[in-house]
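The values are calculated or read from the model by the stated rules, or taken from the named source; none is laboratory data. Quick caveat, the model's predicted, so the values are computed rather than measured. Methodologically, a virtual Cβ is constructed for each residue, glycine included, from the backbone with ideal geometry; neighbour enumeration extends over all protein chains shown.
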Amino acid sequence: MQVMQIGRHSDLTMAAKYTDHLPEILRREKKVREFLDWFETVLTVNIDQFAEKVGIDPEAYDIRKERLLNQQFGGIHCSDPMAGVQPGTIEGEVCHRIDKCVSCSKRRSLFLATKENIANVIYWREVLSKAEKLLGEEEFSRWSLWKLFVSSILERLYSEREQRRLLTQAEEYCNSYQNPYVNVIPVFVIKEADA
């Protein structure tokens, strides 16, 4: 009412626009700041003592870094793995629908080319190839987007000369550790009874 009176408006329509404008601007600025903090963390996650070197709060940076590292699966980054947006998930609990990551609205369209992320994609290629052979077309269809994601990422990485060293490191990493995704896709082989 005071905004309407001071602005000499005849009704509340324009006054409401004025009073709603500032909170909306602040909300947008907060979202932009959150994104910039996240992006800064993504770009600097492998730089030792980054916060100390540039003079930002090390505790806040470490919290962001830990959150970032926990918000990825197989090289895909999630903006909010506790949002509960996928069927069968509950808001506030970590999402378990990894078959939906590639098409999820919470997925951030960014692939950070690190040794570990590339190794994850190589691991996925191995598991998906096995699953495609053992599962029927219908059972494998829920993983088809993952296969497309893996194929496109690796195709792009293998075609870039700048990535050869990183690819070699990722392949060596894969050979040194056990594939963590082996049991992610349930593959049941039914043996025919001997006659």
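Values as computed for the structure displayed
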read-out	value
Residues located in region 124-171, provided they are aliphatic (A, V, I, L, M) and within 24 Å of the chain's Cα centre (by Cα)	Val127, Leu128, Ala131, Leu145, Leu148, Val150, Ile153, Leu154, Leu157, Leu166, Leu167, Ala170
Residues of region 30-53 classified as closer than 19 Å to Asp80 by Cα and in a helix (DSSP H, G or I), total	14
Search result, residues across region 1-35 that are polar (S, T, N, Q) and in contact with a helix residue (DSSP H, G or I) (Cβ under 6 Å, 6 or more places away or on another chain)	Thr19
Residues being crowded, with 16+ Cβ neighbours inside 10 Å, modelled with pLDDT under 85 and among the hydroxyl-bearing types (Ser, Thr, Tyr) - total across region 73-111	0
Hits in region 63-113 - residues which are of a type in the set (D, E, K, R), under 20 Å from Phe140 (Cα atoms) and either under 12 Å from the mean Cα position of the chain (by Cα) or outside any helix (DSSP H, G or I) (or both)	Arg97, Lys100
Tally of residues being out of contact with any Asp or Glu (no Cβ under 9 Å at 6 or more places or on another chain) and among the small types (Gly, Ala, Ser) across region 154-172	1
Index of the failed condition, Thr19 passing every other in (1) part of a helix (DSSP H, G or I); (2) within 24 Å of the chain's Cα centre (by Cα); (3) among the hydroxyl-bearing types (Ser, Thr, Tyr)	(2)
Selection count where residues are in a loop (DSSP other than H, G, I, E, B) and surrounded by 18 or more Cβ atoms within 10 Å (Cβ to Cβ), scope region 114-172	1
Test: residue in region 38-54 that is under 30 Å from Ser151 (Cα atoms), in contact with a strand residue (DSSP E or B) (Cβ under 6 Å, 6 or more places away or on another chain), of a type outside the set (A, V, I, L, M, F, W, C) and loosely packed, with under 15 Cβ neighbours inside 10 Å	no
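Every residue, every condition in (1) closer than 20 Å to Cys104 by Cβ; (2) touching a residue at least 60 places away in the same chain (Cβ under 8 Å), yes or no:
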site	(1), (2)
Gly7	no, no
Ile25	no, no
Leu36	no, no
Ile76	yes, yes
Ser79	yes, no
